[in-house]
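The values are calculated or read from the model by the stated rules, or taken from the named source; none is laboratory data. Note that the structure is a prediction, hence the values are computed from the model and not measured. Glycine gets a Cβ as well: all are built from the backbone with ideal geometry, and neighbour counts include every protein chain shown.
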Ligand SMILES: Cc1cc2nc3c(=O)[nH]c(=O)nc-3n(C[C@H](O)[C@H](O)[C@H](O)COP(=O)(O)O)c2cc1C
Ligand SMILES: [Zn+2]
C-alpha cells in the first residue's frame, strides 16, 4: 500500500515500526469516526479529516482493509481484531494498523463522552491527537484542558477576549491585575499587551518565580508577536528576548486585534492540551503588516551569554556578529524540553519519502573518466598508494555488502550517508593529477579536471599547498534537509567529523602524514571541486592533506624571502600529529571493528566496567579535540558506582549524583537510548570557539565532536561493547543534571553504551 505518493512496502514499515521502542502503536486502535473514508478508483482509499489527506493505494485487497477498518473502534486488541476478520492473518492486521498509525490516522482506546457543549472540541482532538502523539487519545488531551486554571494578565480588554475563547474550550481562565497576583498552580500564564505603554516584564518575571510558563503576546500597530514561551531555566528569559528583538511600536488596531487574540488563544489551547508542535520555546511568530500584505516569520530567541537569569556567565555576544548567528542557529535546532516537545518527531524516520531518500545512492558524474579502485582491506595499504587511498575512501564514505545489500561502513546521521569525498591529486602514483570525485556506490574515482596549482592553494587557504593528495569532504546538506530541516547542518558536520576521524586514523596507521587545511576557503573550494552549491546542496566540511611524512618535512631553517609566506601558512594549518605509539596501544584497535560495527539501540541491564569506560575515555581524549567528556553512569559497579563523572584526561572524577532513568530520558529524545547503562556526552567550549573563529568555530566544533565520537564507537566495537551515536540531545535535560551552562559547556553529541540484551 502506498500513502499518497511514495511507495514503501507496508510489510517493511510494519516490522521496523514494531521494532522501534520509540513508537508505540495503539494497543486498542481506533479510527476516529470523524475521519471520512472514501474508496477512489479501483484500488485506492482516501482518508480525509486528520492532519493531512492520505491516499492509500496498492495491491493489498481493499475489502480486507475495509473489514479491518470496521473493527477499529478502540475496544479491541490486535488479537481480537484478527479473530473478528477471519480472512485476515494476524500479520495482515498488524501491517494495516502500523500503516494507518504511521499515517497519523489512529487513536488508542475510547474516551469518555464529552459534555454536549464540548462535542466539537472533542472531535477536533480526536482528529488531531496524532499530530504530536503527546496524548494517546482525545480524552487525554481534553483532560489537560478541561477546567485548566490558566491565568491571563496585561491589557485587560485583550485578556478578556482570550479568556472568553479559552472558556469556550473548557478551560477556567482567570485574570491577575499585577505581578503580585497569585499564579500558583496555573499551567500557563498568557501575558498580553495591545498598548505600547503596557510593560509585561514584571508579570513574566513573576511567572518565572512561580515556575509557571508564560506566553508572550504583543500586538503593536503594524506587528504582532505571539510567543516566545518563557519557562524558567529551560528557555530564554524575557531580558534575552528583549536584547535580541524590539517590541512592535504603537497600539493595536482595534479592528484586527480580535483576530490576533484568537490566534493567541489557539496557541494557548494547544500549549495546554499539548496537541500541536510547539516552536515557541525557541522563538516567536511575528506577523508584520507591510505594503505587500501580512508577512509571517518565526524569529529566534536564545539564552544569552552574560545573562544572570539564564545562568550563562561571560561577556555578551555582539548581536550582529557571526558568532551570534551560530549561537541562534544552534539553539533554533535544539530539541525542546520534554515538557513542550512532541513525541511525533521521531516518526520522521518512517515517512515514506524519507525512507526513499535514505536509500537513494549518490549520483555519479556522468561522462567523467573513471578509475576503478581496488577494494583492498586497509591492511593491504600503506604509504601513499592507490590501495591506501582506496581503503581510506571506502571506510570513511563507502559501502560493504551485508546480506546482499550495500551498507555504508561508517555511521551517519539517520543512515543518510551525508559525506561525499573528493580527492585533489597533485602527484601520486596510479592517480592522474587533478580533481577526482569518489563515487561510493561504484567504489570508483571519477576524474573531473586538473586545476592550476595556484588555484588549489588559494582554495585551501595556503600560500602554497604542497600535499601530494588532499581529501575534501562535502556534506549533502540539501538531502538531509528534506528530512531534518535546519537540523541537517548539525548532522552533516557531525557526520563529516566521523569520516574525518576514520580518514585520519587509517592514514596514520598507513604511515601517512596529514594536515587539515583549517583555513580553506569554502566557496573557492566548492568551485574548485565543482560541487553544486546552489540552494546549499553541498557544503564543504573539511580538507585533509595526506602524504608521506618524510617527503613533507619542512626545513624552515633553509627559508629565505619566503619566510613570511611560510609563517602565514603554518599558522593556518593545524598539523595533526600521529598519535604517539604508547597512547595508541592503550586503545585496542583493529580494522575489523570498522566493518563489524553497527549501531546498537537496546541494552541489557548490565553495567559497563570501569576499566572499559576508562579505555573508551582515553580513546576519545586521543582524538585530540578540546572537548569535555561527561559520563552518565546509571548502572554502576563497585569500581565505579552510579553517578555523573567527568573524564579529566586521566581519570574519572565524580561530578554528580547517580542519574535516574527518568533523568536520562530528559537528556535524549529516544527512550530506548536513554536506557543505556552508560552514556557519554561531549561538551565543547562554544564561547571560545565562536570568539576565536566566529561562525566557523561552530562548524569546526561539530567536526571535532564527530571525530571524538567515532573514536569511541570504534574502540567500543573492539572491546565488544555496543554503542550508538546520538545527536538527539535535549539540552535542558543535560544541563539540569550536570550543571553545564550549555555555552561554555555545550553538548554536541552523545554516545550510548552497553551490552546487547541477548548475550
Ligand atoms: C552524527 C550522528 C548522529 C546520530 N544520531 C542518532 C540518534 O539520535 N539516534 C539514533 O538512534 N541513531 C543515531 N545515529 C546512528 C545512525 O542512525 C546509524 O549510524 C545509521 O543508521 C547507520 O547504521 P549503523 O550505525 O548501524 O551502521 C547517529 C549517527 C551519527 C553519525
Ligand atoms: Zn536571559
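On the given criteria, is residue 398 in contact with a strand residue (DSSP E or B) (Cβ under 7 Å, 6 or more places away or on another chain), under 21 Å from residue 532 (Cα atoms) and assigned by TED's automatic domain parsing to the domain that holds residue 538? Judged against the criteria, residue 398 is not a match. Here residue 535 clears all of (1) more than 18 Å from the chain's Cα centre (by Cα); (2) touching a residue at least 60 places away in the same chain (Cβ under 8 Å) except the condition numbered (2).
Starting from residues that are over 16 Å from residue 197 (Cα atoms) and in a loop (DSSP other than H, G, I, E, B), keep the ones in the range 221-248 and report whichever is nearest to ligand 1 (Cβ to nearest atom). Filtering first and then ranking leaves 234.
Regarding residue 217, is this residue within 29 Å of residue 138 (Cα to Cα), assigned to a loop (DSSP other than H, G, I, E, B) and either away from ligand 1 (no atom under 16 Å from the Cβ) or in contact with a helix residue (DSSP H, G or I) (Cβ under 9 Å, 6 or more places away or on another chain) (or both)? No: the conditions fail for residue 217. Of the residues making up the range 680-705, those that are closer than 18 Å to residue 501 by Cα, part of a helix (DSSP H, G or I) and touching a strand residue (DSSP E or B) at 6+ places or on another chain (Cβ under 7 Å) are 701, 702, 703, 704, 705. Does the range 399-412 contain any residue that is at pLDDT below 90, closer than 20 Å to residue 505 by Cα and surrounded by 16 or more Cβ atoms within 10 Å (Cβ to Cβ)? Within the range 399-412, none of the residues are at pLDDT below 90, closer than 20 Å to residue 505 by Cα and surrounded by 16 or more Cβ atoms within 10 Å (Cβ to Cβ). Residues that are at pLDDT 95 or above, closer than 22 Å to residue 318 by Cβ, within 16 Å of ligand 2 (Cβ to nearest atom) and in the same structural domain as residue 645 (by TED's automatic domain parsing) do not occur anywhere in the range 698-719.
Yes/no per residue for (1) more than 30 Å from residue 500 (Cβ to Cβ); (2) in contact (Cβ under 8 Å) with a residue 40 or more places away in the chain; (3) not assigned by TED's automatic domain parsing to the domain that holds residue 735:
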site: 635; (1), (2), (3): yes, yes, no
site: 642; (1), (2), (3): yes, no, no
site: 653; (1), (2), (3): no, no, no
site: 658; (1), (2), (3): yes, no, no
site: 663; (1), (2), (3): yes, yes, no
site: 667; (1), (2), (3): no, yes, no
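Residue 684 passes every criterion in (1) farther than 26 Å from residue 490 by Cα; (2) under 21 Å from the mean Cα position of the chain (by Cα) apart from (1).
Of the listed requirements (1) over 28 Å from residue 597 (Cα atoms); (2) in contact (Cβ under 8 Å) with a residue 40 or more places away in the chain; (3) touching a strand residue (DSSP E or B) at 6+ places or on another chain (Cβ under 9 Å), residue 486 misses just one: (3). Looking across 427, 452, one residue alone is more than 12 Å from ligand 1 (Cβ to nearest atom), surrounded by fewer than 19 Cβ atoms within 10 Å (Cβ to Cβ) and without any contact (Cβ under 8 Å) to a residue 12 or more places away in the chain. It is 452.
Just give me the residues in the range 320-334 being under 11 Å from the mean Cα position of the chain (by Cα) and in a loop (DSSP other than H, G, I, E, B), in sequence order. Matches in the range 320-334: 333, 334.
If you go through the range 587-618 and pick out every residue that is part of a helix (DSSP H, G or I) and modelled with pLDDT under 95, you end up with 6. Of all the residues in the range 592-612, those that are touching a strand residue (DSSP E or B) at 6+ places or on another chain (Cβ under 6 Å) and within 10 Å of ligand 1 (Cβ to nearest atom) number 3.
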